[in-house]
Amino acid sequence: MSVQTIKIDDSGQVKETSTGIAMALAYIGGFLMYMLVFMFGSQVMSRCYSKKKTSRVVEVIVSSVKPVS
């Protein structure tokens, strides 16, 4: 099954074109946007996780130190 579009310009000439290239570009663009959003989300998640883990390590170290009198 092929999808065809018919374009009529201002002078009245009819042109038949295939929309396969436009559809392929739309799918590729959508996939790229999905991948960018996914990669950004994973970077934010890993950054927050590493900050939380670092702060927890510092809390454990500080809580294990006994005060000197």
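General observations
- Selection of first residues in segment 4-18 that are in contact (Cβ under 8 Å) with a residue 40 or more places away in the chain and of second residues that are open to solvent by less than 100 Å² (accessible area, probe 1.4 Å), restricted to Cβ pairs under 6 Å at least 6 apart or on distinct chains, gives an empty result.
- Whether a residue is of a type in the set (Ser, Thr, Tyr) and part of a helix (DSSP H, G or I) was assessed, and Ser11 does not pass this test.
- Looking across Ser63, Ser11, one residue alone is over 34 Å from the mean Cα position of the chain (by Cα) and modelled with pLDDT of 85 or more. It is Ser11.
- Residues satisfying the stated conditions in segment 28-49, i.e. modelled with pLDDT of 95 or more and over 8 Å from the mean Cα position of the chain (by Cα): Ile28, Gly29, Gly30, Phe31
The values are calculated or read from the model by the stated rules, or taken from the named source; none is laboratory data. Note that this is a predicted model, so its numbers are computed, not measured. Using ideal geometry, Cβ is built from the backbone for each residue, glycine included, and neighbour counts are taken over all protein chains shown. Each accessible area value is taken on the protein alone, full model and side chains, heavy atoms only, with ligands, DNA and RNA left out. Shrake-Rupley method; radii C 1.70, N 1.55, O 1.52, S 1.80 Å.
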